[in-house]
Amino acid sequence: MLHSSAQTMRELLRQMPDTILPLLTPGNMLDFPDFLDSGMKAELSNKLGGISEMLILTDDFTAIQLTKSSSVQLKLLPQGKQNILCLVHTYTLNDSISDSRIQFYTTDWKPLKPSKYLNLPQEENAFVHASVSALNTDLTLKWTYPLALQFEGETPPQADKQKETVLKWNGKKYN
């Protein structure tokens, strides 16, 4: 739940520096919510000439499909009297393998040290797909262990096995 003086995701997106999502323009970040408000599909041309789409926007969450193989989720997390942002950027190789980068920011977009908010175990030869919930503050991590890390030609590796963990936000960090 957001504090009464807290910023909404819509406001935070308007203030987001270009360096956070360099594929999108500041105009994209203004137009996405307007399209959703109008009941339209929030699709826009990105800087590479491809299509990016905002899929969900709530007061504390957004999901954007940047390209066919790249997506981002932003979640506003309560932390005492302040809030912080969790950004999950996911890159997809195929239907069974993707890898995510998790970053944290203040609400004025200053980077925070991820290890202060999340301790990810290092899994050798594994990819981790992270997803933050739109409905609560849970962070789901799914580790994928490919059959082969190197491949030739057009056939990417397939998942050999997977394990999943759901982490809970305790107001200070994910456990």
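None of the figures in this text is laboratory data; all of them are computed from the coordinates on show. Here the structure is a predicted model, which is why all the values come from computation and not from measurement. Glycine gets a Cβ as well: all are built from the backbone with ideal geometry, and neighbour counts include every protein chain shown.
Extension gain for the segment residue 125 to residue 48, taken as residue separation times 0.36 nm less the Cα-Cα distance, is 24.6 nm to one decimal. Debye-formula intensities of segment 52-101, expressed as log10 I(q)/I(0) at q = 0.17, 0.23 Å⁻¹, are -0.56, -0.84 (one equal scatterer per alpha-carbon, no solvent). In percent, rounded to a whole number, the relative contact order of the chain is 14, using alpha-carbon pairs under 8 Å and six or more apart. Model label sites at residue 14 and residue 59, defined 7 Å from Cα along the beta-carbon direction, differ in position by 1.7 nm. The H on the amide N of residue 77, modeled in the peptide plane, is under 5 Å from the matching H of 84, 85, 86, each at least 5 residues off or on a different chain. Since only 121, 67, 49 are under comparison, the one whose Cα sits farthest along the positive direction of the charge dipole of segment 9-167, derived from C-beta charges on Lys, Arg, Asp and Glu, is 121.
Shown is the FRET efficiency for residue 68 and residue 40, computed with R0 = 22 Å from the Cβ-Cβ distance and rounded to the nearest 0.05: 0.60. Across segment 57-62, coupling constants 3J(HN,Hα) worked out from phi with the 6.51/-1.76/1.60 Karplus curve, θ = phi - 60°, read 9, 10, 5, 10, 7, 8 Hz, and Gly and Pro carry x. Sparsely packed loop sites in segment 52-81 (the trypsin sites (Lys or Arg not before Pro) outside DSSP H, G, I, E and B with at most 11 other Cβ atoms within 10 Å) comprise 68, 81. When the C-alpha to C-alpha distance is required to be over 22 Å, the pairs from 68/173; 81/168; 41/142; 75/173; 81/113 that qualify are 68/173; 41/142. Calculated on the Cα set of the chain, radius of gyration then Dmax: 16.9, 54 Å. Helical content alone sets the calculated 222 nm signal of the chain at -3000 deg cm²/dmol, taking -39,500 (n - 2.57) per DSSP H segment of four or more residues and averaging over every residue.
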